[in-house]
Amino acid sequence: MSKLGIKIHFGSLKTTSWWEHAIRFVFGGAITVIAGLLAKKYGPAFGGLFLAFPAIFPASATMLERHERIEKQEKGVNPGNRGCDAAALDARGAAMGSLALMIFAVFVWLLLPGTSGWMIIGAGALWLVAAAGFWMVRKYRRRIFGILSTSKQAKPSVLQ
Amino acid sequence: MTQLVIRFIVGGLFVSAFAVIGSMLKPKSFAGLFGAAPSVALATLALTISKNGKAYAAIEARSMVAGAAALLIYCVFVMLLLKRTGLRTLAATSSALIVWLGVAIALWWGFLK
């Protein structure tokens, strides 16, 4: 994990206030109820759309912006656009997470009818692997695509 | 009513758990992945499988592909709003929800209805 630059900061839990946790809990609960009610009223094909509703992202990005702003102000630095920049980075990550979410959904859609219901746990693990994979490809894109382009360039010299 | 309360609690717990994991991770772009974690999906699918069966849940998952595509467009739209306009995060993320809704319903109308 640390080789990839990924770190876990338990300290961030202390900076999150109880009402921030409460907002996320209520919002998440409400969306799950709404998805269930819509599926009941308009059928699973419509209700299913809401399984990928942006339930975490808006609250998390807003909190991230707020924390970033407060952190800079406490250090006596003008926060400027730092809060929004941090939220934009968060959005870039969520975009990659969405691609992995599409893979999760295809996996469940195609394999669930013929397997055990517990397969959704495996699908959750697949989401994590796919999301981390997309993130790593983006992070090391210069190295990965650099190797590809140099190997393309290397071929003619080998032939010569 | 009991079913709705259970849904609310299970959904709230899943969303909170993924949000807490995301908030503990660095760098920010990696933590951001958890903004699109299958939180509502896992909660709903688990409840649906136990109540309505796997075939019903699979139909929901098929539509979720469209929902996730809409989420991808939503995230890119929010990123552009934050980078190119002076909008604050709360305004950008909430106003863009209309984009998610529009794209998701359009995909449902075009391919899944």
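The numbers here are math on the coordinates, done by the rules we state, and not lab data. In this text, all values refer to a predicted model and were calculated from it rather than measured experimentally. Here the Cβ is made from the backbone with ideal geometry for all residues, glycine too, and neighbour counts use every protein chain on show.
Using the 10 angstrom Cβ neighbour count as an exposure proxy, how do A:L128, B:L42, A:L4 rank, fewest first?
Ascending Cβ contact count within 10 Å gives the list A:L4, A:L128, B:L42.
Could you compute the longest span of chain A free of trypsin sites (Lys or Arg not before Pro) located in DSSP loops and having at most 12 other Cβ atoms within 10 Å, not counting the site residues?
After excluding every exposed loop site, the longest remaining stretch is A:76-160.
Taking 7 Å along the Cα-to-C-beta vector as the label spot, tell me the B:T85-B:L97 distance in nanometres, rounded to one decimal.
My value for the distance between the label points is 1.6 nm.
For chain A, set up a Gaussian network in which alpha carbons nearer than 10 Å are linked by springs, and say which option among A:G47, A:G76, A:G97 fluctuates the most.
A:G76
Using Cβ contacts closer than 10 Å as the measure, can you line up B:T89, B:T2 from fewest to most?
The fewest-first ordering by Cβ neighbours comes to B:T2, B:T89.
So for the stretch B:13-108, Kirkwood radius off the Cα pairs, Stokes-Einstein at 10 °C and 1.306 mPa s: how many µm² s⁻¹?
For the chosen part, D equals 107 µm²/s.
Is there a simple number for the mean count of other chain Cβ atoms within 10 Å of the Cβ of residues in B:79-92, and what is it?
Taking the mean over all residues of the peptide, I get 6.
With no solvent and one point per C-alpha, what does the Debye sum give as log10 I(q)/I(0) for chain A at q = 0.15, 0.16 Å⁻¹?
Summing over Cα pairs of chain A leads to -1.07, -1.15.
Determine the principal axes of the Cα atoms in the stretch A:99-138, then give the extent along each, sorted from largest to smallest and rounded to whole angstroms.
34, 14, 9
Mind jotting down the distance between the C-alpha centroids of the stretch B:17-42 and the stretch B:62-104, whole Å?
Centre-to-centre (Cα) distance: 17 Å.
Please work out the ratio of the alpha-carbon Rg of the protein assembly as shown to 2.2 N^0.38 Å and round it to two decimals.
So the Cα radius of gyration is 1.06 times the expected 2.2 N^0.38 Å.
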